[in-house]
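Notes follow the structure.
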Amino acid sequence: MVRQAHHERGYMSKLERVDLFDRKSGSFFFLILLFIASLSLGWEYYHYKDFVKFDDPLARAEVIDQEVRLIGDKPKTSMKLRLENGASVRCAMSPYLRDLRGREVLVELQVAKVSFLDYLKGFRTRGLITEVYPPLSLKERWYRHISSAHNDQRMKELYGALFVATPMSMEFQALVGAMGLSPVLSISGYHFGILSLIAYFFLRTPYRWIQNNYFPYRHRNRDLFWIVTGLLFMYLSILEFNPAMVRSFGMIVVGYWLYDRGIKIVSLQTLLIAVGLLLAFFPRLFFSLSFWFSTFGVLSIFIFIRYYEHWKPWQIFLALHLWCYLVLLPISLAIFGTFSWNHLGSIPINLIFNLYYPTVLVLHWTPWADVFDSVLIKMFDTGALQNVVIPMWIGIGSIVLAVSAMRWRGSFWALGLLGLGTLGSAIYQIA
């Protein structure tokens, strides 16, 4: 009897986490999301009508990216702008413009043919800069400080993308994608997670002393979480609310809020709640490819943890990198279609990146920020970009299998086999 009572107490002490919504409450929550989304779209439409009131309005904007490209066999400056109302626009201008990245400008745009859908997802049009405002954005000042430590242009672009989410040139981005390095070299939720751990590590000891002396009744981990979240939000604002990082930040906040209330975190429902909230409040994210890629990346992690959460942490750490590589490969190759032999080396590089990222972050506050440049330059010099053809239905199939794998183990294995088959096909095409 004593043993049975002890067993029952142990069983009851381990509370099972539950889903947040059942079918009825989930339907009600979905209606709330639709209501919020309708308000957000209504607000965007109001700004759109005000924007297209004149065929050639003057708009204040920030220069996000600037690059000289061949457009119709003629060199032009391709300039990406973010307008004050949040819309993104790309314009072809004179190739002789000076570097205006990070500056605010007054630009005249031709918007007579711009639809509301174009306005939401970003559009191309002709433009003419009429005035340049002198102050640089904080993001651009940070980028220039980082790039000043490097002589090679690719290193400037690499560390700019890594720390402040500045766009890479088309050629370098294609090479990075062909080498399978886009997930680690383009800032995303992966980096947010590393930064969160670093911040928590350094804040834990001083906060413990403060708490023990002044408010021992507080929940230490909960307080630290919200402090770290505040720091991450400041970083997010410096990055000008990069879509992938917005998704990551939303997932972190929603995930912890649910976890703190005994709700399941590793579930398709949790992911749908976070994505639904973000899309309802920020409808432009619907047209962001990086947002959907990062969401699919989180789903692939959830799938693995669902079936192998009983493994040891180091086993999960190693196997998860291989799993995510295989899961993301079909849709990535179906969309971008670039591959190389170096792509196979991205798995060990992703593992090393967990140490590399915080190391170079610290080094960029010292005179030795370029210590790894020679090694990285040699690595990129050996990279060769080759085109492969993976049908889009393969990529879509991987998404369908990923969603169903949250319930059926058979889909889990089919998803892994699809990734292996895609990898074999890509290797065969470049061999």
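Derivation of every value follows stated rules applied to the coordinates shown; laboratory data play no part. Here the structure is a predicted model, which means the values were calculated and not measured. Neighbour counts are summed over all protein chains in view; Cβ atoms, including those assigned to glycine, are modelled from backbone coordinates with ideal geometry.
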Residue among T270, T205, T338 with the largest mean-square fluctuation in a Gaussian network model of the chain, springs linking Cα atoms under 10 Å: T205
Taking Cα atoms only, helix 138-147 is inclined relative to the longest principal axis of the chain by an angle, in degrees rounded to 10, of 90
Picking from L58, L279, L326, which is most flexible by a Gaussian network model of the chain using Cα springs under 10 Å? L58
Any lysines whose Cα falls less than 21 Å from that of K139, other than same-chain ones fewer than 8 residues away, would be K80, K156
Label points 7 Å out from Cα along the Cβ direction at V389 and H47: separation in nm? 4.2
Need one number: nm distance between label points at L197 and H145, each 7 Å from Cα along Cα→Cβ, rounded to one decimal. 2.6
Cα principal axis extents for the chain, largest first, Å: 87, 53, 50
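Using only DSSP helix segments of four residues or longer, with each worth -39500 (n - 2.57), what per-residue ellipticity at 222 nm results for the chain after dividing by its residue count and rounding to 500?
Estimated from H runs of four or more residues: -20500 deg cm²/dmol.
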Inverse of mean 1/r across different Cα pairs in segment 58-136, Kirkwood, Å: 12.7
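Grab the Cα-Cα distance for L136 and L355, subtract it from 0.36 nm times how many residues apart they are, and report the gain in nm with one decimal.
Contour length minus Cα-Cα distance gives 75.6 nm.
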Cβ-derived FRET efficiency at R0 30 Å, W413 paired with Y256, nearest 0.05: 0.45
Length released on extending from F28 to K121, taking residue separation times 0.36 nm less the Cα-Cα span: 30.6 nm
Explain nothing, just the number: relative contact order of segment 58-136, from Cα pairs under 8 Å at least 6 residues apart, as a whole percent. 32
Nearest 10 degrees, 0 to 90: what angle lies between the long axis of helix 2-13 and the longest principal axis of the chain (Cα atoms)? 20
Describe numerically, in nm with one decimal, the distance between label points set 7 Å from Cα along Cα→Cβ at S40 and at K113. 3.0
With both bridge residues required to lie in the chain, what share of the DSSP beta bridges run antiparallel, to the nearest 5%? 90
Once the dipole of the chain is set up from charges on Cβ (+1 Lys and Arg, -1 Asp and Glu), the residue from the list L232, Y96, S411 lying farthest towards its positive end is S411
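I'd like the FRET efficiency for W341 and L289, computed as 1/(1 + (r/R0)^6) with the beta carbon distance as r and R0 of 25 Å, rounded to 0.05. Before the final figure, lay out the partial values.
Details: r = 26 Å, r/R0 = 1.02.
Efficiency for this residue pair is about 0.45.
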Taking the Cα centre of segment 58-136 as the origin, how large is its charge dipole in debye, to the nearest 20, when only Lys and Arg (+1) and Asp and Glu (-1) carry charge on their Cβ atoms? 240
Acute angle (nearest 10 degrees) that the helix 289-308 long axis makes with the longest principal axis of the chain, alpha-carbon atoms: 20
Suppose every Lys and Arg Cβ carries +1 and every Asp and Glu Cβ carries -1, with no other charges. What dipole size does the chain come out with about its Cα centre, to the nearest 20 debye? 1100
Charge tally for neighbours of L224 with beta carbon under 11 Å away, counting Lys, Arg as +1 and Asp, Glu as -1, is +4
Running a GNM on the chain with Cα contacts under 10 Å, which residue among E140, E240, E131 ends up with the highest mean-square fluctuation? E131
